[in-house]
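Novice: Can you read through this structure? Questions will come right after.
The values are calculated or read from the model by the stated rules, or taken from the named source; none is laboratory data. All of these numbers come straight from a predicted model, not from anything done at the bench. Every residue, glycine among them, receives a Cβ derived from its backbone with ideal geometry; neighbour counts consider all protein chains shown.
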Amino acid sequence: MFAHIPAYAGDPILSLMEAYQADSRRQKANLSIGLYYDDDGRIPVLGSVGAAVLQLAEQHGPHTYLPMEGMAPYRHALQQLVFGSDSPALKEKRVATIQSVGGSGALRIGAEFLKLYFPGCAVWISDPSWENHQVLFAGAGVAVHTYPYYDPQTNGLRFGEMLATIRGLPARSVVLLQPSCHNPTGIDLSREQWAELIEVLRQHGLIPFLDMAYQGFGHGLEEDAWPVRALVDAGVSFLVSNSFSKNFSLYGERCGGLSVVTPNEDEANRVLGQLKAAVRRVYSSPPLHGARLISTVLCDPALAGQWAAEVAQMRERIARMRRSLRERLEASLPGAPFDYLTTQRGMFSYTGLSGPEADCLREAHGVYVLRSGRLCVAGLNDTNLEHVAHAMATVLRARC
Ligand code: KET
């Protein structure tokens, strides 16, 4: 019956995670998938989340279904975090928000919604982008194209070309953007560039779709969401997906959200209804446990403060690892440019390592980075840093 089913080639990110777990070498480092490890090389359970776990265990509530749109206090807290507590769009009740199955689920439901109500639309993603953006949109039947983004020559942004491409798109094209901590390059637009881009998006009637998976890992919880607020201020209608996988260290609980900003409450209500319909079509209703944990943290001012401090700690540790890796590599290979490590932001750095060089890092040294050359800085710690720097220097030296 299933003889015609082809083998799955595997996912470029998740298959490396599997290979890492199967690797029996003692000295190995997982810098492939976007996972934050602490100083001891463990995936942390945040103190704020641990306190919520205990509270929930005491309450021992029933495991009932959530509504299609998710848990009300979770959605409310999520909106405050993404849009800011004084957001005019929230005050005017013109944002439709659903709880989603991670950031991925938000992207997929957003894609389903766009495909149905903007049938011929195509989405434009950055070159390069998170590998799964293409897969998620194409899977929903939305055509995917790219706009110029990263310049390997300067290790900077091709902003002029990016803007020119976006300016040339037909109205109602979807433009996927990452507000901060761009995956995979770690290079973000400046506020001035955002202002210019937003003006183009507005004038040309394009549909921005912001994907925010790393809020708090760049400059701060508020700062990283600045582009979301700038779009609201510009009076643009748009979508924003957000993920709590990384900033709550709750990867497996699959918590995120999809918000659609509309011009008025009536439109927001109708959009919300159609998002609920899309959820019912795809998976009926979202999972309960993670939403309980996150709303317990965010709805308690003391726990919310503790969580924000924990996010700041993770952000600062990533920045420290960036500086340390840069220092070590500069000492090993004087004159080679490693400043990108400290100018890029968020979990990832784009190292310029080729596919075969990434293979060599993995096979010869047990250092796992993506074949695109993306390195997850959040997987470094004081114990594995020396080994990773030595391995990278060895591979880079062989190049010259
Ligand atoms: N958007 C972006 C930009 C992103 O990097 C990820 C995950 C997601 C959405 C999905 O978030 P989630 O809440 O897990 O559904 N990226 C990492 C993990 C992965 O590939 O699944 C990564 O790039 O390593």
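Novice: Inside the stretch 1-59, can you point out the residues that are assigned to a loop (DSSP other than H, G, I, E, B), among the small types (G, A, S) and within 16 Å of the ligand (Cβ to nearest atom)?
Specialist: Correct list: A9, G10, S32, G34.
Per-residue answers, yes or no, for (1) more than 16 Å from the ligand (Cβ to nearest atom); (2) small (G, A, S); (3) assigned to a helix (DSSP H, G or I):
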{"site": "I294", "(1), (2), (3)": "no, no, yes"}
{"site": "V297", "(1), (2), (3)": "yes, no, yes"}
{"site": "L303", "(1), (2), (3)": "yes, no, yes"}
{"site": "A308", "(1), (2), (3)": "yes, yes, yes"}
{"site": "Q313", "(1), (2), (3)": "yes, no, yes"}
{"site": "T342", "(1), (2), (3)": "yes, no, yes"}
{"site": "G346", "(1), (2), (3)": "no, yes, no"}
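Novice: Keeping to the stretch 117-134, report how many residues are surrounded by 22 or more Cβ atoms within 10 Å (Cβ to Cβ), more than 14 Å from the ligand (Cβ to nearest atom) and in a helix (DSSP H, G or I).
Specialist: Adding up the residues that qualify gives 0.
Novice: Are any of the residues in the stretch 239-255 aromatic (F, W, Y) and under 21 Å from C121 (Cα atoms)?
Specialist: No - not one qualifying residue is present in the stretch 239-255.
Novice: Is it the case, given these coordinates, that L14 is surrounded by 14 or more Cβ atoms within 10 Å (Cβ to Cβ), hydrophobic (A, V, I, L, M, F, W, C) and over 19 Å from A364 (Cα atoms)?
Specialist: Taking the combined requirement at face value, the residue does not satisfy it.
Novice: Considering only residues that are acidic (D, E) and touching a residue at least 60 places away in the same chain (Cβ under 8 Å), look in the stretch 264-296 and name the one that is surrounded by the fewest Cβ atoms within 10 Å (Cβ to Cβ).
Specialist: The extreme case among them is E265.
Novice: Any chance you could count how many residues in the stretch 135-146 are within 17 Å of L114 (Cβ to Cβ) and either assigned to a strand (DSSP E or B) or of a type in the set (V, I, T) (or both)?
Specialist: 5
Novice: For E330, indicate whether it is closer than 30 Å to R75 by Cα, surrounded by 15 or more Cβ atoms within 10 Å (Cβ to Cβ) and modelled with pLDDT of 95 or more.
Specialist: In short, no.
Novice: For the stretch 364-385, enumerate the residues that are within 12 Å of the ligand (Cβ to nearest atom) and either of a type in the set (S, T, Y) or more than 17 Å from the chain's Cα centre (by Cα) (or both).
Specialist: Matches in the stretch 364-385: Y368, V369, S372.
Novice: A further question on this structure: Output yes when any residue across the stretch 71-87 is hydroxyl-bearing (S, T, Y), crowded, with 18+ Cβ neighbours inside 10 Å, in a loop (DSSP other than H, G, I, E, B) and away from the ligand (no atom under 16 Å from the Cβ), and no when none is.
Specialist: Within the stretch 71-87, one or more residues are hydroxyl-bearing (S, T, Y), crowded, with 18+ Cβ neighbours inside 10 Å, in a loop (DSSP other than H, G, I, E, B) and away from the ligand (no atom under 16 Å from the Cβ).
Novice: Of the residues in the stretch 26-63, how many are of a type in the set (G, A, S) and without any contact (Cβ under 8 Å) to a residue 12 or more places away in the chain?
Specialist: 2
Novice: Tally the residues that are part of a helix (DSSP H, G or I) and touching a Lys or Arg at 6+ places or on another chain (Cβ under 8 Å), restricting the search to the stretch 360-377.
Specialist: Total satisfying the criteria: 1.
Novice: Could you tell me whether Y74 is aromatic (F, W, Y), modelled with pLDDT of 95 or more and under 30 Å from T383 (Cβ atoms)?
Specialist: no
Novice: I'm trying to understand the selection: among the residues of the stretch 94-115, which are of a type in the set (D, E, K, R) and surrounded by fewer than 24 Cβ atoms within 10 Å (Cβ to Cβ)?
Specialist: Result: R94, E112, K115.
Novice: Residue by residue through the stretch 201-249, note down the ones that are closer than 24 Å to G41 by Cβ and either of a type in the set (G, A, S) or surrounded by fewer than 21 Cβ atoms within 10 Å (Cβ to Cβ) (or both).
Specialist: A213, G216, G218, S243, S245, S249
Novice: Going by the structure shown, is I33 out of contact with any strand residue (DSSP E or B) (no Cβ under 6 Å at 6 or more places or on another chain), β-branched (V, I, T) and surrounded by fewer than 15 Cβ atoms within 10 Å (Cβ to Cβ)?
Specialist: When the stated conditions are applied, I33 does not pass them.
Novice: Still on this structure, I have one more. Tell me which of these P62 doesn't satisfy, since it passes every other one: (1) part of a loop (DSSP other than H, G, I, E, B); (2) within 22 Å of S245 (Cβ to Cβ).
Specialist: (2)
Novice: Moving on to the next point. Could you figure out which of (1) closer than 30 Å to M321 by Cα; (2) touching a Ser or Thr at 6+ places or on another chain (Cβ under 8 Å) isn't true of R94?
Specialist: (1)
Novice: With the condition kept exactly as written, say whether any residue in the stretch 156-169 is in contact with a helix residue (DSSP H, G or I) (Cβ under 9 Å, 6 or more places away or on another chain), crowded, with 23+ Cβ neighbours inside 10 Å and not in a helix (DSSP H, G or I).
Specialist: No.
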